[in-house]
Structures are given as structure tokens and as C-alpha cells.
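The values are calculated or read from the model by the stated rules, or taken from the named source; none is laboratory data. As the structure is a computational prediction, the values presented were derived from the model and not from experiment. Here the Cβ positions follow ideal geometry from the backbone for every residue, glycine too, while neighbour counts run over all protein chains shown.
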Amino acid sequence: MVLTAPLILLPLLAVVIADLRWLRVMQREHYIPGSCTTVALRWARKRAPNQVLAPVLGLAAVLALIGRPYPVALGAAAAAAVAAAVFPVGMPLLGREQRLVRTRRLMRLAACAAALEALIAAAAVLTGAPTATAVLAAAVPAVIDGAAQVMRPVEARLARKYRTSAQAALRRVAPRVIAVTGSYGKTSTKNHIADLLGGSFDVVASPASFNNDSGLCRTVNEHLGAHTQVLVAEMGTYGPGEIRAMCSWLKPEIGIITAIGPMHLERMKTLDTVVRAKSEILEGVRVAILNVDDERLAELAGTLDGREVWRCGTRRQRDLTVSLERENGTVTVRYLGTAIGTFPSPSGLHLPNIGCAVAAALAAGAPPARVAPGLGQLSAPAHRAVTGVADSGIVVIDDTYNSNPEGAARALEMLQAATGHRNRRAVVTPGMIELGADQDQANRAFAAAVAKADAVLVVVGWTNRRALLAGAAGGEIVTVPSRSAARDWVRSCLAAGDGVLWENDLPNHYP
């Protein structure tokens with residue numbers, strides 16, 4: 001039994017190493033319990049040699065737990081410790097571009113995880129099964145998930161003081177609140193609203209993607225000024241109840257839904273659940289604004305009672321409050337059937353998003369004559385179908401913050417329009433994620449469209465590799481392990497006048 005101390009210390013060293021990796025994953029996944037286990041299983045399924053390493057880790061942990069015969073348990077414990085320290089092969093331990101950030105919340109989570117791990121290790125030693133500490137090393141992702149679940153009520157309680165402060169600021173300043181959600185298009189619409197209202201009101205819009213409860217509390221506490229007249233709040237959700245909770249203290253006067261799509265379908269399971277979760281933004285508002293180009297929102301519009309419903313769209317319909325009509329490179333905006341302005345057809349902007357923004361500005365009280373001049377000045381948010389030209393002369397379409405089938409199809413059309421028939425085109429993508437049962441088919445369809453557009457498909461990583469390769473079969477395909485490798489390929493294989501679409505980007509905890 002002289003090996004008992006090393007036998008305990010080796011798995012515990014592996015636990016410390018694994019903690020660093022999985023705490024970073026949990027931070028990147030917004031501290032949602034279950035995230036680490038989901039990511040671990042994804043790596044075990046998608047990328048070699050983890051497809052072999054994961055079963056070996058599991059088997060070694062089981063043999064170590066059994067503890068007999070002792071030599072086998074000893075070897076299994078050592079094997080499990082080493083495997084747990086390196087799994088998953090290919091995921092950075094600390095990350096260069098996406099580092100572990102030492103925040104107070106992270107330190108609380110780390111302390112909770114360490115306490116759970118200490119209890120498990122002590123139980124293993126006190127029950128005379130020291131080799132069982134190898135199971136702890138193998139189970140670090142699940143332990144971190146458990147710690148995140150334990151900390152949820154603690155974090156909720158700590159967040160209350162920030163929400164209380166935000167509520168006090170809202171009562172003191174009393175801005176009109178416009179809330180925006182949607183499966184996609186919410187950030188663009190939020191920015192368009194702020195731009196269109198800027199000439200008439202003092203406006204604050206939630207920055208970047210501050211679209212959850214804590215982000216909106218920060219928006220109010222850090223950005224709301226004494227003279228702010230309008231607050232435009234972007235709201236995201238992973239499921240029913242979240243938007244309702246945000247609206248309970250923000251109390252929006254105007255609520256907007258831009259689109260319903262399969263984003264986050266992995267979590268919400270059905271589009272009906274997506275509609276239900278998004279429609280919480282309309283509860284209690286004075287004006288509900290919906291993009292009725294979306295059939296599900298058109299159907300929802302007919303069910304709303306007790307509030308004004310403003311329908312926006314690009315199709316010729318009698319009941320549209322705000323419509324946008326594109327003809328000969330010019331877009332005409334109509335309010336209640338009357339033209340209020342025209343502007344050049346924008347590249348990279350989605351007309352229904354502009355329509356929802358115009359409706360919001362008008363519903364907030366901006367005169368049409370003040371709204372119309374700003375229509376031609378609207379721009380896309382960074383990394384959302386933004387077109388530029390690199391120093392090398394390569395046309396670059398940056399759509400790396402986008403991950404939905406409709407937006408990807410529009411970005412591909414932009415690539416085709418931006419490059420001539422003689423120029424080479426490439427689409428660099430890891431594919432789209434969180435689409436649930438639709439993910440495989442959506443990626444196949446997009447890859448097929450890339451091949452049809454006579455573009456090289458550069459597949460990054462392993463997350464959607466199989467579906468993308470199947471969809472682009474017959475076209476020119478390049479596979480690379482990382483985004484940096486994709487950059488090297490673009491620099492060496494494309495020249496001035498060629499074009500590249502960077503479609504979506506995944507954190508480096510994806511395979």
C-alpha cells in the first residue's frame with residue numbers, strides 16, 4: 001500500500017488540470033448547467049482521437065472504482081488520471097484568443113467545484129477506495145455542471161442588487177423602453193432603431209450583445225443618463241420565462257419580434273416553443289411590432305388582443321403598417337400606405353429589420369420627416385454580413401456572428417454579387433450550430449448552395465464536417481483544423497478580385 005499517496009495525488013493533479021479546462025468552457029457557455037457534459041460528449045463523438053480516448057477513460061475509471069484486483073485498479077487509476085488530464089485532445093487548456101477570465105463569478109464557481117471535489121475525494125479515501133479518486137478525475141465536466149447548478153440560486157440572489165439599482169434608475173429617469181427580440185435580426189434592428197431615433201430623442205441602446213438579464217442591468221446601471229428619453233433593449237432567450245423575467249422590471253412600452261427560426265432549437269426543441277418564448281416580449285406592451293414576412297409571426301399577429309399590432313413586411317399586403325418595396329435599386333418606405341421616404345437598396349441589410357426599426361421609431365413618436373433622412377445611413381453591425389476589401393485586394397464578407405440558414409443564404413448571395421465570374425470564391429465556415437434536429441440538413445443545404453455558387457467550401461473543424469462534406473459533394477472542398485489554418489489558406493490561395501465569405505465562427509471549445 002506504499003503507493004497509496006501517489007495513487008491519490010495523481011488523479012487529484014489531473015482534476016486540477018481538468019478544472020482549468022472545464023471552468024473555461026462553463027464561462028464561455030454563460031454558466032449554464034449541463035454545458036460541460038454536452039461539450040465533452042460532442043468532442044467524444046466528433047473528433048479523433050477522442051472517439052477512442054473517451055471510452056478508454058470511462059473504462060479505466062470503472063476499473064479503478066471496482067478496486068480489485070489491486071494491480072489492475074492501480075494501473076486503471078493512473079490511466080484514467082492521464083486521460084482525464086488530456087481529454088479532449090485538441091481543445092486548448094487555457095486558450096489564447098478566448099482565455100479563462102478571472103471574474104468574481106468564476107472564482108465562486110471554482111470554489112464550489114473544489115469543495116464538491118474535496119468531498120468526493122475524502123469519501124473515496126475514508127471508505128478505503130483510494131483508486132476511486134480516478135473516477136473524480138474522469139467526472140470533472142459533470143462536477144463543474146453540478147457546481148453551476150448549486151450556484152444558480154446564489155448567483156440569482158447576488159444579481160438582485162444590480163437589478164434593484166437598475167429599477168431605481170429606470171424610475172428616476174423614466175425612459176420609454178423599446179424591447180427587441182427574434183431568432184435573428186435583433187441586434188441589427190436594435191441598432192437601426194437607435195440610429196433612426198437619434199435625431200429626435202436622447203437614446204441609449206444595449207451595447208454589443210448585452211441581451212440577458214445581467215447584461216441589461218449593466219446597460220441601465222452603466223449607460224442610462226439623466227436625460228435619456230428612450231432605452232432600446234435587445235432580449236435573447238434560451239427558453240420560456242427568460243424574456244418575461246426581463247420585461248417584469250424593464251416594462252417595455254413597445255415590443256418587437258423580428259423573426260422566428262431554428263436558432264437554439266437544440267435547447268428549445270420545437271419552433272412552437274421558440275414562438276412562445278419570444279412572444280413573452282409582447283405581454284403588457286402598448287404596441288406590438290411584428291415582421292409578418294415571417295409566416296409564424298403573421299399568424300401570431302392575428303391572435304394578439306388588447307394592444308396595437310403593427311405589421312411590417314416587404315410583401316404587398318393591405319394590412320401592413322410599415323412596408324418596404326424594392327424596385328430598380330431603390331427602396332420605398334410606406335407608412336399606412338403613404339410613402340414617407342426612399343433610399344438606395346442597401347447591401348448586407350435585411351429589409352424586414354429596417355421595417356421593424358421604422359415602425360418602432362414612429363410608434364415612439366418620431367415624426368416621419370425626421371425618420372426618413374436616416375434611412376440611407378443605416379449600416380450592419382460588425383461581423384454581420386459586412387463587406388470590405390483587404391489590403392491584398394480580396395473582397396471579404398464578414399458574417400462570423402451569424403448562424404442561421406436564412407442569413408447564411410443572403411451572405412452567399414452577397415459573395416456572388418461581389419465577385420465576377422472569372423474570380424475565385426471561397427466560403428469559410430464551421431457550419432451552423434444549436435439547430436437541433438434541423439442542424440444536419442441545414443448544413444447540408446448550405447454546403448450544396450456553396451457548391452452551386454461555384455465557390456470553394458473551406459470546412460473549419462469537425463463539428464459539422466460530415467454534413468458539410470456531404471452537402472458539397474461534387475464541389476471543391478478544403479478541410480482545415482482551425483480558423484487560423486483557414487486564414488493561411490485564404491492568403492495563399494486567393495488573389496486580388498477574389499472573394500471570401502467568413503460564415504460563422506465557433507469558440508475554440510467546439511471540435
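Could you please give the count of residues in the stretch 440-486 that are hydroxyl-bearing (S, T, Y) and at pLDDT 95 or above? Going through the stretch 440-486 one residue at a time, the tally reaches 2. Restricting attention to the stretch 279-297, the residues that are over 25 Å from the mean Cα position of the chain (by Cα) and either at pLDDT below 95 or in a loop (DSSP other than H, G, I, E, B) (or both) add up to 3.
The residue list S206, S200 contains one member that is polar (S, T, N, Q) and either within 19 Å of the chain's Cα centre (by Cα) or in the same structural domain as P33 (by TED's automatic domain parsing) (or both), which is S206. For the stretch 220-249, residues that are among the β-branched types (V, I, T) and free of Cβ contacts under 8 Å to residues at least 40 places away in the same chain total 0. T463 falls short of the stated requirement of being in contact with a strand residue (DSSP E or B) (Cβ under 6 Å, 6 or more places away or on another chain) and not charged (D, E, K, R). Filtered by the rule that a residue be without any contact (Cβ under 8 Å) to a residue 60 or more places away in the chain and surrounded by 14 or more Cβ atoms within 10 Å (Cβ to Cβ), the stretch 51-61 gives L53, A54, V56, L59.
Listed by position, the helices (runs of 4 or more DSSP H) enclosed by the stretch 412-511 that each have at least 1 residues that are among the basic types (K, R) and under 24 Å from T387 (Cβ atoms) are 439-452, 483-493. Among residues belonging to the stretch 382-439 that are polar (S, T, N, Q) and under 23 Å from the mean Cα position of the chain (by Cα), point out the one that is nearest to S188 (Cα to Cα). Of everything passing the filter in the stretch 382-439, N402 is nearest to S188 (Cα to Cα).
Working only within the stretch 291-330, note down all residues that are closer than 13 Å to G355 by Cα and without any contact (Cβ under 8 Å) to a residue 40 or more places away in the chain. Across the stretch 291-330, the qualifying residues are V292, R311, R315, L320, T321, S323, L324, E325, R326.
Residue under question is F201, and the condition is that it be touching a Ser or Thr at 6+ places or on another chain (Cβ under 9 Å), aromatic (F, W, Y) and in contact (Cβ under 8 Å) with a residue 40 or more places away in the chain; does it hold? Answer is yes for this residue.
Residue count for the stretch 457-489 under the criterion of being under 16 Å from R425 (Cα atoms) and crowded, with 21+ Cβ neighbours inside 10 Å: the result is 5. A search for C-beta distances below 6 Å between a residue of the stretch 24-50 that is in the same structural domain as Y238 (by TED's automatic domain parsing) and any residue that is modelled with pLDDT of 95 or more, counting only pairs 6+ apart in sequence or on different chains, returns nothing. Note on the stretch 247-278: residues that are closer than 24 Å to R218 by Cβ, at pLDDT below 95 and among the charged types (D, E, K, R) amount to 1.
None of R42, R21, R28 is surrounded by 21 or more Cβ atoms within 10 Å (Cβ to Cβ) and out of contact with any helix residue (DSSP H, G or I) (no Cβ under 6 Å at 6 or more places or on another chain) except R21.
So, in the stretch 200-221, how many residues would count as being in a strand (DSSP E or B) and charged (D, E, K, R)? Selection size over the stretch 200-221: 0. In the set R410, R384, only one residue is among the basic types (K, R) and over 20 Å from G329 (Cα atoms); that residue is R384.
Within the stretch 222-265, restricting attention to residues that are aliphatic (A, V, I, L, M) and assigned to a helix (DSSP H, G or I), the residue that is surrounded by the fewest Cβ atoms within 10 Å (Cβ to Cβ) is A245. Scanning the stretch 423-439 for residues that are touching a Cys at 6+ places or on another chain (Cβ under 9 Å) and either at pLDDT below 95 or closer than 13 Å to A472 by Cα (or both) returns a single hit, A426.
Of the set (1) within 23 Å of Y184 (Cα to Cα); (2) at pLDDT below 95; (3) part of a helix (DSSP H, G or I); (4) touching a Gly at 6+ places or on another chain (Cβ under 8 Å), all apply to G376 but (4).
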